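Heads up, the thing below is written out as structure tokens.
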Amino acid sequence: MNLGIITGKTSTNRFTFSVSDLSHAKKFHYVHVQHPEGYPVLAYITDIEREEQSTHATATLLGYRDQNNVLRSLRTPLEPGSTVLNADDSFIRSTLGLGEKQGAYFGILEGRDKLPVYLDLNKLLTRHLAVLAKTGSGKSYTVAVLLEEIMEKNVPIIIIDPHGEYSTLKFPNDKKEDFARFGISPRGYSKMIQEYSPDTQRNPDAKPLRLNIKNISAPELMHLLPGKLSSMQIGLLYSALLDTGGTNTDLDQLLISLNMEEHPAKWTLITVIEYFKKLNLFSNDPTSLQELIQPGKCSLLNLRGIPQEVQEIIVYKLAQDLFTARKNRDLPPFFLVVEEAHNYAPERSFGEAKSSIVLRQIASEGRKFGVGLAVITQRPARLEKNILSQCNTQIILKMTNPHDIKAVSSSLEGLTSEIEDELSNLHIGTALVVGVVDLPLLVEVRPRKSKHGGEAVNILETFADFPAPEISDDGSSGETKKAVLNILKPHMTKDEIKTLLGKKLKNIKTILVPALMLTCKQKQSYFQLLFNLTNSSIVTDYERGTGIQIPTTFEKLSEKEEKIFQYAMKIKKDFTPAEAFAASGYMFSETYDLIQTLVRKKYLLSKGQTYTVHEQIQVFSSLADKACHEKNDFVPFPYDQKLIQKHSAQEIVNLFQRFITIENATECYFVKYDVEYTS
């Protein structure tokens, strides 16, 4: 398609042409011009000016492929009067080197719906990656698109996730996005992802993360301790470490040695080490590095709720151990993703984080040992310049801060002034890709296959047109009510059920059920239970709102009765009075009488010569099997009926405290649909 004719002065970098077809000549549109020496040249439009009688466009030359398929820039300018043509997809693909289908499918070329962009994953993983954008511009969304592609190639991944927003990679995307246009379908990656956290109370879906205390040297311990040590404190610490053997990192022994010192500077040091110990990060039985790094596995380090100074300690120690293990070939090659990287490796004028040194080392040496690094930040100007310069692949989204734009442009090769000016005008969902392809590209990022978890909360929209929740509800149906409530959102909406049932549906009501979300602690792990406050049941089928009925009232026990009962709960099997007598230390006759009282009070069940925990109580011995993995949050929600709450939160907490440790209890609602079918 003829777009116009080259006019005026031309150079080896750009040219101007008069536009004859304005409907197809748009900014960043790719054009094709034949060079006088006989080869086709690719360019793109960077500016368009329109006057009363004419329209002119300026285009920047990208180059051509020589006989060896090497991308070359022009040595001689184009001829004035040459025809400017619309570049077809095959010519753009071959000239730009958009990759083959076995690469990572990232999206489609901006303005070209039928031209998919595949990124060379080997370059992406080995040359390090930086994803840069202002907040709210889609950094996490874009990173998740790449992670989906990397997981599908079974590359081991470990993600430093300070906000816990990547856990939704487990679930399929449930939003109405244009999947057909991009040729993809929703998918969850739950079988490939395992969450870890040093605080499983705040993050009950995660496995506990514990770091290795055995291999910490004296200099490393000093580096990890919060705050800065004086020269006197450093001397005391070295002296105490020598007393414990020099390389012994037993913190209890270290504290004993420090207490034996006579210098008053020891007290501040003791306080720091006691704080360090109470963090409960380190263990003689740490999380296995081989467990974290496995082919086909994505280990997600969820640091939500962890103080920043503690996060730095975790990132330093874990990254250091992983990098050392990889250098020793104890681990397969892997990809390390660091979200909010400016907090873990800040530019030195903004301070120094404990994790800076190891991230700096991985950025400069990681590719030699098969460790790929991705840094994601909303403040490129605050990120360590040495790390940013080592990231040969950069994906840039909308950016407006002039300092950040300057930091990006100074670290990039091949970034023209036109594209630099365009960074602040990029649409949400459009990314500039540099390094992994031969020339900078503007790409419309494909939708996520998995669910997005990084959306900002729209506070005004949350409360718009929604009155405050009612104190009570008579349960009557009628006009749909609306309220902002702490709720577990259902997997299907009312409209989706209507569509699914079609003519079979006569009527449907949305019912809110009062509930209590309990965070329970069992040994060193945490899990959540959802308790129905209307019918006294632990909810196990979240979609139907059904569960296991439990008794809410028990007769009180004396101290001795409680001891026998706890023995029965602990052994979890049938027992004889003689066995209980041996364990309790009471007289046999007294033990027998206590057992009979527990049978009468329905704590124990008689089975002839043996006894066991009563069936109505046995449910409390396996609570972890009934864990709820749904999340609750305050959201605006329309409903038809709200059920009456029959139990107080404190009553239920007191009940469960008899059988398990309750760390937290939150009142909320879950949704149940009352469906009436046509006859």
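The values are calculated or read from the model by the stated rules, or taken from the named source; none is laboratory data. All values derive from a computational prediction rather than experimental measurement. Backbone-built Cβ (ideal geometry, glycine too); neighbour counts: all protein chains shown.
Would you point out the residue of segment 524-554, among those that are hydrophobic (A, V, I, L, M, F, W, C) and part of a strand (DSSP E or B), that is surrounded by the fewest Cβ atoms within 10 Å (Cβ to Cβ)?
Taking the candidates together, the pick is I548.
Exactly one condition in (1) at pLDDT 90 or above; (2) crowded, with 17+ Cβ neighbours inside 10 Å is not met by Y592; state its number.
For Y592, the exception is condition (2).
Suppose the filter is surrounded by 18 or more Cβ atoms within 10 Å (Cβ to Cβ) and either of a type in the set (G, A, S) or not in a strand (DSSP E or B) (or both); does L557 pass it?
yes
Name the pairs whose Cβ atoms lie under 6 Å apart, with the first residue in segment 655-679 and in the same structural domain as H491 (by TED's automatic domain parsing) and modelled with pLDDT under 85, the second of a type in the set (F, W, Y) and surrounded by fewer than 15 Cβ atoms within 10 Å (Cβ to Cβ), and 6 or more positions between them or separate chains?
Hits for this filter: zero, empty list.
So T324 ticks every box in (1) of a type in the set (S, T, N, Q); (2) in contact (Cβ under 8 Å) with a residue 40 or more places away in the chain; (3) in a helix (DSSP H, G or I) but one. Which box is left unticked?
(2)
Identify, by number, the condition in (1) out of contact with any strand residue (DSSP E or B) (no Cβ under 7 Å at 6 or more places or on another chain); (2) over 16 Å from P440 (Cα atoms) that G164 doesn't meet.
For G164, the failing item is (1).
Within segment 11-33, identify whether any single residue is over 21 Å from L432 (Cα atoms) and among the aromatic types (F, W, Y), and answer yes or no.
yes
Let's see how each residue does on (1) polar (S, T, N, Q); (2) assigned by TED's automatic domain parsing to the domain that holds N328; (3) over 20 Å from K228 (Cα atoms):
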residue	(1), (2), (3)
Q253	yes, no, yes
T271	yes, no, no
Y275	no, no, no
K278	no, no, no
S299	yes, yes, yes
N302	yes, yes, yes
E309	no, yes, no
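Only one residue in F656, F634 is of a type in the set (F, W, Y), assigned to a strand (DSSP E or B) and touching a Leu at 6+ places or on another chain (Cβ under 8 Å), so which one is that?
Being of a type in the set (F, W, Y), assigned to a strand (DSSP E or B) and touching a Leu at 6+ places or on another chain (Cβ under 8 Å) holds for just one of F656, F634, which is F634.
When you look at I314, is it surrounded by 12 or more Cβ atoms within 10 Å (Cβ to Cβ), within 18 Å of P198 (Cα to Cα) and either among the polar types (S, T, N, Q) or out of contact with any Gly (no Cβ under 7 Å at 6 or more places or on another chain) (or both), yes or no?
The answer is yes for I314.
In segment 279-291, what residues are at pLDDT 80 or above and either farther than 30 Å from I150 by Cα or out of contact with any helix residue (DSSP H, G or I) (no Cβ under 7 Å at 6 or more places or on another chain) (or both)?
Matches in segment 279-291: N280, F282, S283, N284, D285, P286, T287, S288, Q290, E291.
Might you check whether a residue that is surrounded by fewer than 16 Cβ atoms within 10 Å (Cβ to Cβ) and aromatic (F, W, Y) occurs anywhere in segment 624-641?
yes
Return the only residue of K134, K101 being of a type in the set (K, R), farther than 30 Å from F369 by Cα, modelled with pLDDT under 90 and out of contact with any Pro (no Cβ under 7 Å at 6 or more places or on another chain).
The match here is K134.
Check L121 against each of (1) more than 17 Å from R326 (Cβ to Cβ); (2) buried (at least 20 other Cβ atoms within 10 Å of the Cβ); (3) in contact (Cβ under 8 Å) with a residue 60 or more places away in the chain and name the one condition it does not meet.
(3)
As an exercise: evaluate S356 against (1) small (G, A, S); (2) farther than 20 Å from V155 by Cβ; (3) in contact (Cβ under 8 Å) with a residue 60 or more places away in the chain and give the number of the one condition it does not meet.
Here S356 meets the rest and fails (3).
Does segment 392-422 hold any residues that are assigned to a loop (DSSP other than H, G, I, E, B) and either surrounded by 16 or more Cβ atoms within 10 Å (Cβ to Cβ) or at pLDDT 75 or above (or both), and which are they?
Hits for segment 392-422 are N392, L397, K398, M399, T400, N401, L412, L415, T416.
Does segment 294-310 contain any residue that is assigned to a loop (DSSP other than H, G, I, E, B), surrounded by fewer than 14 Cβ atoms within 10 Å (Cβ to Cβ) and of a type in the set (S, T, N, Q)?
Among the residues of segment 294-310, not one is assigned to a loop (DSSP other than H, G, I, E, B), surrounded by fewer than 14 Cβ atoms within 10 Å (Cβ to Cβ) and of a type in the set (S, T, N, Q), which makes the answer no.
Here's a check for you: in segment 570-620, which residue that is aromatic (F, W, Y) and in contact with a Pro (Cβ under 8 Å, 6 or more places away or on another chain) is nearest to L655 (Cα to Cα)?
Selected residue: Y611.
Take segment 317-357 and flag every residue that is surrounded by 24 or more Cβ atoms within 10 Å (Cβ to Cβ) and more than 23 Å from L132 (Cβ to Cβ).
Once the filter is applied, which keeps residues that are surrounded by 24 or more Cβ atoms within 10 Å (Cβ to Cβ) and more than 23 Å from L132 (Cβ to Cβ), segment 317-357 yields K317, L318.
Residue-by-condition table, conditions (1) more than 16 Å from Q522 (Cα to Cα); (2) free of Cβ contacts under 8 Å to residues at least 24 places away in the same chain:
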{"position": "D174", "(1), (2)": "yes, no"}
{"position": "A180", "(1), (2)": "yes, yes"}
{"position": "P186", "(1), (2)": "yes, no"}
{"position": "Y189", "(1), (2)": "yes, no"}
{"position": "M192", "(1), (2)": "yes, no"}
{"position": "P198", "(1), (2)": "no, no"}
{"position": "P204", "(1), (2)": "no, no"}
{"position": "K207", "(1), (2)": "no, no"}
{"position": "K214", "(1), (2)": "yes, no"}
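Just give me the residues in segment 578-607 being over 14 Å from E559 (Cβ atoms), charged (D, E, K, R) and part of a helix (DSSP H, G or I), in sequence order.
Within segment 578-607, E579, D593, R600 qualify.
Is there any pair with a first residue in segment 283-311 that is free of Cβ contacts under 8 Å to residues at least 60 places away in the same chain and a second that is of a type in the set (S, T, N, Q) whose Cβ atoms are under 9 Å apart and which are 6 or more apart or on different chains, and what are they?
These pairs meet every condition: L289/N212; E291/Q194; E291/S299; Q308/N343.
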